[in-house]
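Novice: Here it is: the structure, laid out below.
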Amino acid sequence: MVKKATIYDVARESGVSISTVSRVLNAPAKVNEGTRKSVLDAISRLSFVPRADAMARARQRMNRIAVITPFFTEASFVQRIRGVSQSLNPGEYELIIYTVKSRRQLEEHIDMICAGERVDAVIILSLNIPPDRIQVLQESGLPLVSVENILPGFSSVAVDNHRGGYLGAGYLMKRGYTLLAFAGERSFHDFTLESTSQRLRGFLDALEATQTPKVEDFIYMGEIGDNSLIQWFSNLFSRAVHPQAVLCSSDLIAAKLIQTAGQLGKSIPRDIAILGFDNLDMAEYLNLSTVNQHLDYSGQLAGSMLKEILESEGERENQTVFLDLEVVQRGTC
């Protein structure tokens, strides 16, 4: 008995992904002519007959949205996902969270999502997507919105981290501080964005633009999980001249410095001012001044944009929206 050809055989024969074969069968207009012809020729050679019930299921909306995110338990990502959930009614859409802890896992998630009829659309949070996987996402035809990072061929909710660093430094200088420090966490992951480095670059550019002195020892870029950050901050006060204010690349770092300052008997902002970045929920409780990047709203906006794409059946043009950054003044500077 001759074995019936499967969709996997067609994909292998035509040299494309399974999702591309599925698109040729269910939405041929979304596939370029050359690829479509290659797949149809393979179907003809293999006498492949798609199952009618499988095709019917493929055409149905599953109301499932994939959210691919790094560090799912970190507060900033929790708030963004909360925003997504608020805009995509839980009674209308089911969110499936894919947590990324390595580049390989990111690539596997993308391949799995694009290979099967698992979800209707994708939201990607603050991830550096390799070019070959961007192509896989483009070929899948899945509606997608990227948050913080701009992905070619897709809609994005973008954050200008360089401007955030520039804005933070400028705010501190307007408050009268002339000796500024910067505390940031260096990323050691190739799948995450270099947000901290961009904020540092903005901070340094603001110093240069105003001819404000830069002191190398006042810049910290490293681990925050060990004692290195605390040691650096403590050592600042042993100097003959220490910084008057610190711009932190996150509210979590700011919280650590506030705690350390208290242990050292230092008063904030009298002895040293601290400005965070993010505006996490906890910032209000800590009375922390911070650069607000509207985490919840970024998720809400991504969800709303995705709904519009789904409702327009892919006819809506891609758009990139930059979030407005602003300093929230509280009690730490």
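Novice: Any residue at all in segment 228-245 that's among the small types (Gly, Ala, Ser), touching a helix residue (DSSP H, G or I) at 6+ places or on another chain (Cβ under 8 Å) and crowded, with 18+ Cβ neighbours inside 10 Å? Working first, answer last.
Specialist: To start, the set of residues in segment 228-245 that are among the small types (Gly, Ala, Ser) comprises 228, 234, 238, 240, 245.
If we keep only those that are touching a helix residue (DSSP H, G or I) at 6+ places or on another chain (Cβ under 8 Å) as well, we get 234, 245.
Retained after the next criterion (residues that are crowded, with 18+ Cβ neighbours inside 10 Å): 245.
Yes, segment 228-245 contains at least one residue that is among the small types (Gly, Ala, Ser), touching a helix residue (DSSP H, G or I) at 6+ places or on another chain (Cβ under 8 Å) and crowded, with 18+ Cβ neighbours inside 10 Å.
Novice: Only one residue in Phe77, Phe48, Phe72 is assigned to a loop (DSSP other than H, G, I, E, B), among the hydrophobic types (A, V, I, L, M, F, W, C) and modelled with pLDDT of 80 or more, so which one is that?
Specialist: Details: Phe77 fails: assigned to a loop (DSSP other than H, G, I, E, B); Phe72 fails: modelled with pLDDT of 80 or more.
Result: Phe48 is the single residue among Phe77, Phe48, Phe72 that is assigned to a loop (DSSP other than H, G, I, E, B), among the hydrophobic types (A, V, I, L, M, F, W, C) and modelled with pLDDT of 80 or more.
Novice: Somewhere in segment 267-284, is a residue outside the structural domain of Leu180 (by TED's automatic domain parsing), in a loop (DSSP other than H, G, I, E, B) and within 30 Å of Ala121 (Cα to Cα)? Give the steps one after another, and end with the answer.
Specialist: Going residue by residue through segment 267-284, those that are outside the structural domain of Leu180 (by TED's automatic domain parsing) are none.
No - not one qualifying residue is present in segment 267-284.
Novice: Take residues that are within 26 Å of Ala206 (Cα to Cα) and tell me which of the strands (runs of 3 or more DSSP E) falling wholly in segment 107-180 contain 2 or more. Lay out the reasoning, then the answer.
Specialist: Details: elements: 121-125, 144-148, 155-158.
Output list reads 144-148, 155-158.
Novice: Let me ask something additional. Looking at this structure, is Leu200 surrounded by 22 or more Cβ atoms within 10 Å (Cβ to Cβ) and either within 20 Å of Thr320 (Cβ to Cβ) or aromatic (Phe, Trp, Tyr) (or both)?
Specialist: Numbers: surrounded by 22 or more Cβ atoms within 10 Å (Cβ to Cβ): yes; either within 20 Å of Thr320 (Cβ to Cβ) or aromatic (Phe, Trp, Tyr) (or both): no.
So Leu200 does not fit the description; no.
Novice: From the set of residues in segment 156-194 that are modelled with pLDDT of 95 or more and under 14 Å from the mean Cα position of the chain (by Cα), which is surrounded by the fewest Cβ atoms within 10 Å (Cβ to Cβ)?
Specialist: Ranking the qualifying residues of segment 156-194, first place goes to Ala158.
Novice: Scan segment 177-188 and report the pairs whose first residue is farther than 10 Å from Leu275 by Cβ and whose second residue is acidic (Asp, Glu), with Cβ atoms within less than 8 Å and a gap of 6+ or a chain change.
Specialist: Listed by first residue and then by second, the contacts come to Glu185/Glu223; Arg186/Glu223; Ser187/Glu194.
Novice: Does segment 251-266 contain any residue that is in contact with a Pro (Cβ under 8 Å, 6 or more places away or on another chain), at pLDDT 95 or above and assigned by TED's automatic domain parsing to the domain that holds Gly176? It would help to see each step written out before you state the result.
Specialist: First, pick out the residues of segment 251-266 that are in contact with a Pro (Cβ under 8 Å, 6 or more places away or on another chain): none.
Checking segment 251-266: not a single residue is in contact with a Pro (Cβ under 8 Å, 6 or more places away or on another chain), at pLDDT 95 or above and assigned by TED's automatic domain parsing to the domain that holds Gly176.
The values are calculated or read from the model by the stated rules, or taken from the named source; none is laboratory data. In this text, all values refer to a predicted model and were calculated from it rather than measured experimentally. Every residue, glycine among them, receives a Cβ derived from its backbone with ideal geometry; neighbour counts consider all protein chains shown.
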